[in-house]
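Read through the structure below, which is laid out as structure tokens, and then see the notes.
The values are calculated or read from the model by the stated rules, or taken from the named source; none is laboratory data. As the structure is a prediction and not an experimental result, all values here were calculated from the model. Here the Cβ is made from the backbone with ideal geometry for all residues, glycine too, and neighbour counts use every protein chain on show.
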């Protein structure tokens with residue numbers, strides 16, 4: 001039975017993935033490393049900042065210490081904040097879907113973005129009241145496709161709203177990337193993938209794939225999860 005909904009943020013609530021890519025590209029160029037859109041989409045999209053920089057440096061056979069990693073993350077965060085100032089861009093039907101779903105189910109966000117980036121997004125879209133909390137990059141050790149973010153969100157929501165009784169199979173995750181879908185399924189949860197960042201063919205591990213949240217009938221998930 002569907003009892004709770006967990007949302008990714010970038011690529012689901014806000015149309016920010018292209019901005020993340022450009023900011024990663026900018027910081028890495030300052031370090032003499034080229035990042036192509038193809039490599040970003042096939043290898044790194046949905047990773048948190050630290051995971052992405054680590055992976056790029058590893059793939060480039062370059063060494064990285066913690067001080068450098070901290071600096072890269074800080075620079076990227078500063079650039080991203082400047083680019084995303086003002087009302088955040090979103091997708092068709094997002095605000096309506098979130099408000100309608102929040103009227104029926106407790107919801108949380110589990111994102112690889114930094115906490116202040118997620119808060120800026122939901123405050124800007126005027127939907128912060130729809131969520132019981134946020135699990136961001138600072139709250140986990142292992143980013144997606146590891147399921148830690150979703151399991152952490154489930155545990156927090158279970159304690160706050162269900163007396164510790166919320167099960168993974170009672171959660172619906174909404175994602176936009178194959179790394180995120182894999183994280184949700186590895187957590188034992190149901191998953192809806194929206195084709196905001198990838199074509200449907202690359203999101204086939206999800207239980208449902210939709211072109212937008214507006215186009216998705218939440219009743220389909222409710223019915224399937226009854227069994």
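In table form, for the structure just shown:
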item: Any hit, region 96-111, residues being over 26 Å from residue 210 (Cα atoms) and over 19 Å from the mean Cα position of the chain (by Cα); result: no
item: Region 174-202, residues that are in contact with a strand residue (DSSP E or B) (Cβ under 8 Å, 6 or more places away or on another chain), more than 21 Å from residue 141 (Cα to Cα) and assigned to a loop (DSSP other than H, G, I, E, B); result: 176, 195
item: Residues of region 129-138 that turn out to be in contact with a strand residue (DSSP E or B) (Cβ under 9 Å, 6 or more places away or on another chain) and part of a helix (DSSP H, G or I), as a count; result: 1
item: Only listed residue being surrounded by 15 or more Cβ atoms within 10 Å (Cβ to Cβ) and closer than 21 Å to residue 119 by Cα, chosen from 192, 213; result: 213
item: Those residues of region 64-103 which are in a loop (DSSP other than H, G, I, E, B) and touching a residue at least 40 places away in the same chain (Cβ under 8 Å), in sequence order; result: 84, 88, 89, 90, 91, 92, 93
item: Hits in region 110-127 - residues which are closer than 14 Å to residue 90 by Cβ and touching a strand residue (DSSP E or B) at 6+ places or on another chain (Cβ under 6 Å); result: 118, 121
item: Filter result for residue 22 (touching a residue at least 40 places away in the same chain (Cβ under 8 Å) and either assigned to a loop (DSSP other than H, G, I, E, B) or surrounded by fewer than 17 Cβ atoms within 10 Å (Cβ to Cβ) (or both)); result: yes
item: Flag for residue 27 being touching a residue at least 24 places away in the same chain (Cβ under 8 Å) and under 21 Å from residue 86 (Cα atoms); result: no
item: Test: residue in region 53-72 that is outside the structural domain of residue 23 (by TED's automatic domain parsing) and more than 18 Å from residue 10 (Cα to Cα); result: no
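Rundown of residues vs (1) more than 29 Å from residue 35 (Cβ to Cβ); (2) surrounded by fewer than 16 Cβ atoms within 10 Å (Cβ to Cβ), yes/no style:
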residue	(1), (2)
58	no, yes
72	no, no
98	yes, no
102	yes, no
112	no, no
124	no, no
131	yes, no
